[in-house]
Amino acid sequence: MRFPFQATCLASALSLCLSMTGCQTTTTKTADGRDEVFVFGAPKKKTSKPKKNSKGKKDTDSATQMAGSNTVPPPATGPLGTKDSYSSIKTNLPLVALTFDDGPHPENTPRLLDLLKSRNVKATFYVVGTNAQRHPGILRRMVAEGHEIGNHTITHGNLTKMTPDAIRKELKTSHQTILSATGVAPRSMRPPYGAITSDQKAWIKREFGYPSIMWSVDPEDWKRPGPSVVASRLVSGARPGGILLVHDIHKPTIDAMPSAIDQLLGKGFQFITVSQLVAMDGKG
């Protein structure tokens, strides 16, 4: 869970108190200079029997409770990270980034956002610019609900088959589309199909400030193996610092998300955005 404070002394005092109870903490800065303390390993409390709701069914909102506070730090700005590419980050803390490619989709993405909101899970969406132009309201909802939006080019073309000027046009047009719709500029990009050369990663980082975000877990949901298989692959592949790849343009993928997210929350993982994850590289 997260506890944002506006005074460094409060954050320090909290860290000291928590350390005396066996908790592990790490502190990072938000864009406006506030301290944000991540807390892990809190002592387990005895749990009472599940309460029943008005319909007499057991309350199953434990996954929502584990997801943490509703407070979302303001989006950061400027170049992200020191590397030109990330497929995961180095940390022992139970942090993962859940990423969705190729949307927004007019039906699947709002349904997914409802699901993420119900569990207070934050994700990163690598949107295709042409889809973003069709559905700017969905992008605004993403930002309003604390998610991050990344650049996935304007047409979803293979960058390894493009000239540098063509790539610049792809990224600039998509960047401006996202910025115009939301008022928030993307801070990272993901190459369509994962197709990108080392030289391209380097100059894109120099010119745009974008690290190329790859992934550590790919359930190949685009092959439509079924929701249970997608969920199982995500859960079995997740590791601290991992980046999970799925696509919100596929209905079976959205069907897989409740099980996958609940299982990962049950294992103690916390979902944060790609920018937040990269900021934790080498910490903890």
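So the values come out like this:
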quantity	calculated
Accessible area expressed per residue, the range 110-241, with surrounding protein chains retained (probe 1.4 Å, Å²)	42
Inter-label distance for D218 and K283, nm, one decimal - labels placed 7 Å from Cα along Cα-to-Cβ	3.0
Pairwise Lys count, the range 82-225 - Cα closer than 17 Å, eight or more residues apart or different chains	8
Where D255, D101, D165 fall by accessible area, highest first, once all protein chains stay in place (1.4 Å)	D165, D255, D101
Rg(Cα)/(2.2 N^0.38 Å) for the range 156-284, N = residue count	1.17
Residues with amide H under 5 Å from that of S85, placed H, sequence gap 5 or more	S212
Under-5 Å amide H pairs with I149, H placed in peptide plane, nonlocal only	F125
At R0 = 35 Å, FRET efficiency that the Cβ-Cβ distance of S198 and E107 yields, to 0.05	0.40
13 Å beta-carbon shell around H156, net charge (K/R +1, D/E -1)	-1
Heavy atoms of K223: accessible area, 1.4 Å probe, square angstrom to 10	110
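The values are calculated or read from the model by the stated rules, or taken from the named source; none is laboratory data. Quick caveat: nothing in here was measured; it's all calculated off a predicted structure. All Cβ positions, glycine included, derive from the backbone under ideal geometry; neighbour counts span all protein chains shown. SASA here: full protein model, heavy atoms, side chains in, ligands and nucleic acids out. Shrake-Rupley method; radii C 1.70, N 1.55, O 1.52, S 1.80 Å.
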